[in-house]
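In what follows, a single structure is set out as structure tokens and then discussed.
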């Protein structure tokens, strides 16, 4: 019979490290149905057998308050044939046993893996594994997951389980006479409710009922027509309040800790004082979370993060760019000129290539983020910045998604949105994901460089600075607005662990990076390919009538006759060609759309040329500059060398610095590019993703129109 | 025995948790992270903006916001170590 196992444990117990050690690269990441909690599954091949391993989300308890706890609990209740391997941090056994005891009470087949035995030893903690196993009456295995030690032992214990005959370990904690009796009575009562015992073990349900677990209260009260259980709970509450000034729930939790303390006192010996054991982490924290050196170091980390990403990312990005450029050239040569060529080169290769070009950037960014997270530094950043972010209804852990998305110019909202997974609380996560794309991502920068260069000359750098600040202000204020309207409500408790600093394993960091890159590549191959084609079609169809085309051909003819033999011929021919491109673009769906909405967009000072560029910018913000070039009949403008376009803009009488500012406000804030929209949908659902598209565009247009109108009034009055 | 609120504890002072108030969810969260009556701790420090607060427990470090610390009543220990 094939055994499957589920890995469970507290956050920071080394659970994922063990999962990686067991499954290697034979794993995949998905989501639990209907929720955005990551579900990792993999195969463990040992002694010629293949075991299915599921990595449950890290939790401190099974109270089902947080999404992670609920997911872990439901998984265990629904997959009774899995053996649970609970990973505990040997250096922190007492706390980690709190979860283990809850698994024991749930009656699941359980193996305890006491992890980081090496660290425990060097910190002077001696654990008597055999004694622990006999006290708890379940198998206990010492492991060092980082080095892959303990796998064989886990397998040996696993083989001893006969799942088909497993009937629970019969483990019970005494909660004191009063509560114990009540549990027995309730258990009898619950045994009569088939809807409850189909899903939950009856004794466990009885305990949870007394702990006032919301889910259990609901299902039991629903089955309990006479309200008997409810009355019993109320009576018990009155009694315990009178006798001990406590609710049953508190007594139960205290007794659990009491039981665990008893076990730990017998099985664990400390050879060093607590202060000595944590010297290292405390010393590092004294600097890294210090009120002055802490923020300085953090700023340095951000700086390095960006420098390194672009320094290392540019090289492989260049390779990819040349590769797609080369592929485009080859196709241009092989496929005859016409629609098919245009579709393959401009639609598919440029579209997908543009997206895949980001892969190195994303990989490097996640490499460093995983490193910071595994090292324990991410929790410190959240700790130091929580006060700031909380003011805007966010969470300390919102900092990473913000910074990556463009808190420092040059980020990218796609990995930013993905990085918001470290946020455990849903409300703060939605607010973070929806507002992060308002920041200054790398793709917006060329637009600003063009406009600032054209209209602000020497003050361009200053203008860029204020735009970055504007992005921050917009993101934080919109977050505040969201959190006080659509996703309002108390902030989720912040309370969390500051894990000891640890050197991350290369394997763990690499696996994590690969996972993220893989998800991104998959998206580029499917959804993004489809949208690239749609946008290409919008900018290509309908085509000009033959009559129109021949008109431009005629112009070209005239030009070649007129300038024959002169040096100007090529330039003049190109000019004529660009006029054709401009006419083609204006005639396309995107062009017509751009023209049709002019009456509205004029409020913000945008004419049809700008509108088309903005529509194209929905594919990727980089496209704005090149499309603007085509619309100004300059042919495709290379975003890195926009001088010609810049001159055109300066000379356009309808385009002055007020239009430029209005356009910059709009570009900074309007709908995220569709790659970001897809990423957002994956994280928090299509409803929110579409909401982001609409609300950001409305916000952007409102602000730029308000600015444009006010500024014009100022000039004309 | 004089109980004080955790928020009022100075940096580097020691204490023992005596009582946890607050909403059920808040209390449960606090307990789940190992802060329950009888646990001894040291106030390790506060974030640069004075909130949240970091506590050193016997085997781990926990951080919580001041408004969460308001729910925790503590018996302070005299003297520094």
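The values are calculated or read from the model by the stated rules, or taken from the named source; none is laboratory data. Since this is a predicted model, take the numbers as computed values, not measurements. Quick reminder, even Gly has a Cβ in these numbers, built from the backbone with ideal geometry, and neighbours come from all protein chains shown.
Please determine whether any residue of region A:467-490 is within 14 Å of chain B (Cβ to nearest Cβ), closer than 29 Å to residue A:95 by Cβ and without any contact (Cβ under 8 Å) to a residue 24 or more places away in the chain.
Looking for residues that are within 14 Å of chain B (Cβ to nearest Cβ), closer than 29 Å to residue A:95 by Cβ and without any contact (Cβ under 8 Å) to a residue 24 or more places away in the chain, one finds at least one in region A:467-490, hence yes.
Report, by residue number, each residue of region B:58-81 that is at pLDDT 90 or above and either within 16 Å of residue B:13 (Cβ to Cβ) or in a strand (DSSP E or B) (or both). I'd like the intermediate steps shown before the answer.
Going residue by residue through region B:58-81, those that are at pLDDT 90 or above are B:61-76.
Within region B:58-81, B:61, B:62, B:63, B:64, B:66, B:69, B:72, B:73, B:74, B:75, B:76 meet the criteria.
Conditions tested, residue by residue: (1) at pLDDT 90 or above; (2) within 14 Å of chain B (Cβ to nearest Cβ); (3) farther than 17 Å from residue B:24 by Cβ.
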| site | (1), (2), (3) |
| --- | --- |
| A:207 | yes, no, no |
| A:222 | yes, no, yes |
| A:237 | yes, yes, no |
| A:246 | no, yes, no |
| A:252 | yes, yes, no |
| A:255 | yes, yes, yes |
| A:263 | yes, no, yes |
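Select from region A:538-554 the residues that are part of a helix (DSSP H, G or I) and surrounded by 16 or more Cβ atoms within 10 Å (Cβ to Cβ) and write down the one among them that is nearest to the chain's Cα centre (by Cα).
A:538
Inspect region A:295-306 for any residue being outside any helix (DSSP H, G or I), touching a residue at least 12 places away in the same chain (Cβ under 8 Å) and surrounded by 14 or more Cβ atoms within 10 Å (Cβ to Cβ) and give the result as yes or no. Can you show your working first?
Here is the first cut: in region A:295-306, the ones outside any helix (DSSP H, G or I) are none.
No, that holds for no residue.
Looking at A:436, A:461, A:474, A:479 in this structure, which one is under 30 Å from residue A:28 (Cβ atoms) and in a helix (DSSP H, G or I)? Lay out the reasoning, then the answer.
Numbers: A:461 fails: under 30 Å from residue A:28 (Cβ atoms); A:474 fails: under 30 Å from residue A:28 (Cβ atoms); A:479 fails: under 30 Å from residue A:28 (Cβ atoms).
Residue meeting the stated conditions: A:436.
Report yes if some residue within region A:391-408 is on the phi > 0 side of the Ramachandran plot, in contact (Cβ under 8 Å) with a residue 40 or more places away in the chain, out of contact with any strand residue (DSSP E or B) (no Cβ under 7 Å at 6 or more places or on another chain) and surrounded by fewer than 22 Cβ atoms within 10 Å (Cβ to Cβ); otherwise report no.
Looking for residues that are on the phi > 0 side of the Ramachandran plot, in contact (Cβ under 8 Å) with a residue 40 or more places away in the chain, out of contact with any strand residue (DSSP E or B) (no Cβ under 7 Å at 6 or more places or on another chain) and surrounded by fewer than 22 Cβ atoms within 10 Å (Cβ to Cβ), one finds none in region A:391-408, hence no.
Starting from residues that are more than 7 Å from every other protein chain (Cβ to nearest Cβ) and surrounded by fewer than 23 Cβ atoms within 10 Å (Cβ to Cβ), keep the ones in region B:54-68 and report whichever is farthest from the chain's Cα centre (by Cα).
B:67
Which of (1) within 30 Å of residue A:115 (Cβ to Cβ); (2) assigned to a helix (DSSP H, G or I); (3) not assigned by TED's automatic domain parsing to the domain that holds residue A:133 does residue A:172 not meet, given it meets every other one?
Here residue A:172 clears every test but (2).
Regarding residue A:584, is this residue part of a helix (DSSP H, G or I), in contact (Cβ under 8 Å) with a residue 24 or more places away in the chain, over 30 Å from residue A:677 (Cα atoms) and out of contact with any strand residue (DSSP E or B) (no Cβ under 9 Å at 6 or more places or on another chain)?
So residue A:584 does not fit the description; no.
Taking residue A:415 as the residue in question, decide whether it is more than 18 Å from residue A:491 (Cβ to Cβ), within 11 Å of the chain's Cα centre (by Cα) and more than 14 Å from chain B (Cβ to nearest Cβ). Steps first, answer last, please.
Working: more than 18 Å from residue A:491 (Cβ to Cβ): yes; within 11 Å of the chain's Cα centre (by Cα): yes; more than 14 Å from chain B (Cβ to nearest Cβ): yes.
Yes.
Considering only region A:448-457, I want to know if a residue exists there that is over 19 Å from residue A:656 (Cβ atoms) and more than 21 Å from the chain's Cα centre (by Cα).
Within region A:448-457, none of the residues are over 19 Å from residue A:656 (Cβ atoms) and more than 21 Å from the chain's Cα centre (by Cα).
Here is a check on your reading of the model: is residue A:663 at pLDDT 80 or above and crowded, with 20+ Cβ neighbours inside 10 Å?
The answer is yes for residue A:663.
Anything in region A:291-303 that is out of contact with any helix residue (DSSP H, G or I) (no Cβ under 8 Å at 6 or more places or on another chain) and at the interface with chain B (Cβ under 8 Å from one of its Cβ atoms)? List them, or say none.
The initial filter retains those residues of region A:291-303 that are out of contact with any helix residue (DSSP H, G or I) (no Cβ under 8 Å at 6 or more places or on another chain), namely A:291-292, A:296, A:299-300, A:303.
Scanning region A:291-303 gives A:291, A:292.
When you check residue A:367 against the structure, is it modelled with pLDDT of 85 or more and more than 14 Å from chain B (Cβ to nearest Cβ), yes or no?
Working: modelled with pLDDT of 85 or more: yes; more than 14 Å from chain B (Cβ to nearest Cβ): yes.
Considered against the rule, which asks whether it is modelled with pLDDT of 85 or more and more than 14 Å from chain B (Cβ to nearest Cβ), residue A:367 comes out as yes.
With the structure loaded, tell me whether residue B:75 is within 7 Å of chain A (Cβ to nearest Cβ) and touching a residue at least 40 places away in the same chain (Cβ under 8 Å) or whether it fails that test.
no
Only residues that are part of a helix (DSSP H, G or I), at the interface with another protein chain (Cβ under 10 Å from one of its Cβ atoms) and surrounded by fewer than 18 Cβ atoms within 10 Å (Cβ to Cβ): list them for region B:6-42, please.
B:24, B:25, listed by residue number.
Condition check ((1) surrounded by 22 or more Cβ atoms within 10 Å (Cβ to Cβ); (2) closer than 16 Å to residue A:313 by Cβ; (3) touching a strand residue (DSSP E or B) at 6+ places or on another chain (Cβ under 9 Å)) across all residues:
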position	(1), (2), (3)
A:364	yes, yes, no
A:422	no, no, no
A:428	yes, no, no
A:431	yes, no, no
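Among A:65, A:75, A:60, which is within 12 Å of chain B (Cβ to nearest Cβ) and either over 27 Å from the mean Cα position of the chain (by Cα) or surrounded by fewer than 23 Cβ atoms within 10 Å (Cβ to Cβ) (or both)?
Residue meeting the stated conditions: A:65.
So which residues in region A:265-283 are free of Cβ contacts under 8 Å to residues at least 24 places away in the same chain, part of a helix (DSSP H, G or I) and more than 9 Å from chain B (Cβ to nearest Cβ), if there are any at all?
Taking region A:265-283 and keeping what is free of Cβ contacts under 8 Å to residues at least 24 places away in the same chain, we get A:265, A:273-275, A:279, A:282-283.
Retained after the next criterion (residues that are part of a helix (DSSP H, G or I)): A:265, A:274-275, A:279, A:282-283.
The answer is A:265, A:279, A:283.
What's the number of the only condition in (1) under 30 Å from residue A:121 (Cα atoms); (2) more than 11 Å from chain B (Cβ to nearest Cβ); (3) part of a helix (DSSP H, G or I) that residue A:286 fails to meet?
Unmet for residue A:286, out of (1) under 30 Å from residue A:121 (Cα atoms); (2) more than 11 Å from chain B (Cβ to nearest Cβ); (3) part of a helix (DSSP H, G or I): (2).
If residue A:30 passes every condition in (1) within 20 Å of the chain's Cα centre (by Cα); (2) surrounded by 15 or more Cβ atoms within 10 Å (Cβ to Cβ); (3) not in a loop (DSSP other than H, G, I, E, B) but one, which one does it miss?
Failed condition: (2).
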